[in-house]
1. How large is the helix-only mean residue ellipticity at 222 nm for the chain, computed as the sum of -39500 (n - 2.57) over DSSP H runs with n ≥ 4, divided by its residue count, in deg cm²/dmol to the nearest 500?
2. Taking segment 247-322, which GluC sites (Glu not before Pro) meet the DSSP loop condition and have no more than 14 other C-beta atoms within 10 Å?
3. For a quick check, take a GNM of the chain with Cα springs below 10 Å and name the residue from 130, 38, 248 with the largest mean-square fluctuation.
4. Hey, what's the Kirkwood Rh for segment 194-233 if you take every pair of different alpha carbons, in angstrom?
5. Where Lys and Arg each count +1 and Asp and Glu each count -1, what net charge lies around residue 148 among other residues with Cβ under 14 Å from its Cβ?
6. Looking at the chain as a GNM with Cα springs under 10 Å, which of 75, 29, 328 has the largest mean-square fluctuation?
7. Mind jotting down the three principal axis lengths of segment 93-239 based on Cα atoms? Whole angstrom, largest first.
8. Given the Cα atoms of segment 227-349, and with Rh set as the inverse mean 1/r over their pairs in the Kirkwood sense, what is Rg to Rh to two decimals?
Amino acid sequence: MKVDAIIVGQGLAGSLMAWQLLRGNLRVLVVDRDEAVTSSKVAAGLLTPLAGSRFNLSDEAMERLNYALNFYWELENDHGGQIFHHQKIARLFRNQKESQAWEDRLNKNPERFEEFHAPLGVLHDSIEATEGGFEMKRGGWLDVPQFLEMTRQHLLERISYAIGDVSAEEVSITDSGVKWKNIEASKIIFCEGWMGNQNRFFDWITMHPALGEILDLKIPALEEETRIINRGGWMIPKGDGVFRAGSTYQHDFDRIEPSSEGEAEAMQKIQSITSAPIEIIGRRAAVRPIIKRSQVFMGTHPEYSNVAFLNGLGSKGVMNGPWYASRLAQHLFTNAPLPPEADIRSNQI
Ligand SMILES: Cc1cc2nc3c(=O)[nH]c(=O)nc-3n(C[C@H](O)[C@H](O)[C@H](O)COP(=O)(O)OP(=O)(O)OC[C@H]3O[C@@H](n4cnc5c(N)ncnc54)[C@H](O)[C@@H]3O)c2cc1C
């Protein structure tokens, strides 16, 4: 069997990569272990255009945001079904400094920031909003499991998906590309998530994975709430008073499962948002692939130009991933330059 690219891993990164290559009429084979718990399967999928306390949004980030929103919208249009849920984010200020930072953004660059701004509507009495806030537009959440499933179905229809475990040891370099088992490909792209450097080609990359826990909560008092609420922690309404909420960051971990410490930390964040009675109805944990903050890293092996890497999606994979995957596809198949900030070969990481 001959393909243009073997993609190793069908998480968010591998799926985004697959769509980019298929759009370029390339033949792919995506091989995934089909694990029950992965970062992509657990992720909340939040896309927050203005993250952090300073609400920064560079021109580049704006381009990535627009690209991502169009990308998910086009997939929905072309393949049916909803994967991206546009939802306003009630961004509640934690302190005066945050409130000032937002006011400064609006005053200094209204053309950029006003499109994200709506006044804060009425909130339930139990919600802590003494410092005020605003409703952030153009955000929402990607139903990542749904997106993975849509991708998998599309690949299956093209006989382009296989369950399997690709060991880098079994990948050989050939004159025309690479070979894995009986499959010849021009390129192989490793999208393996948080263990992406446990691979003979990319063991020189340092990763800083972080265990994250999220909770499913029943909060009957907030049954009417339709906005995502964000104040340090975040809560995504799923209807009928059920919220997905979180989350935690733990760089030191020896097990990938929910813990009482993780639950306590996540609950503390949520209880600083609402004083309403909460019932925990679900807990999940997985490991985020992080290389440096939320910077995606990608590119080719310094010696083997047909062996590529896409990883480090961190907490902003839903927003940044589509644009970076498109740039990697162009780099691999049309020699377009990589965005320098993401190039694994030119960064000290
Ligand atoms: C609790 C939590 C909350 C999060 N919330 C958000 C959020 O709100 N917004 C956001 O943008 N991001 C969020 N993230 C981060 C997001 O999940 C990740 O950035 C993204 O999903 C990573 O995708 P990935 O494809 O790189 O890795 P993964 O999802 O880990 O996928 C890698 C895939 O490759 C497979 N694989 C690995 N090695 C092999 C191999 N050798 N052979 C075959 N298959 C292989 C794995 O089985 C897996 O399916 C969150 C993460 C967590 C844990």
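All of the numbers you see were taken from the coordinates with simple rules; none came from a lab. This is a predicted model, so every value here is computed, not measured. Every residue, glycine as well, gets a Cβ built from its backbone with ideal geometry; the counts of neighbours run over all protein chains shown.
1. -9000 deg cm²/dmol
2. Sparse-neighbourhood loop GluC sites (Glu not before Pro): 303.
3. 130
4. Mean inverse Cα-Cα distance, inverted, gives 14.3 Å.
5. On the way: positive: 33, 41, 152; negative: 32, 34, 35, 143, 149.
Local charge sum for residue 148: -2.
6. With Cα springs under 10 Å in the chain, the top fluctuation among 75, 29, 328 is at 75.
7. Sorted from largest, the Cα extents of segment 93-239 read 63, 38, 29 Å.
8. Ratio of gyration radius to Kirkwood radius for segment 227-349: 1.10.
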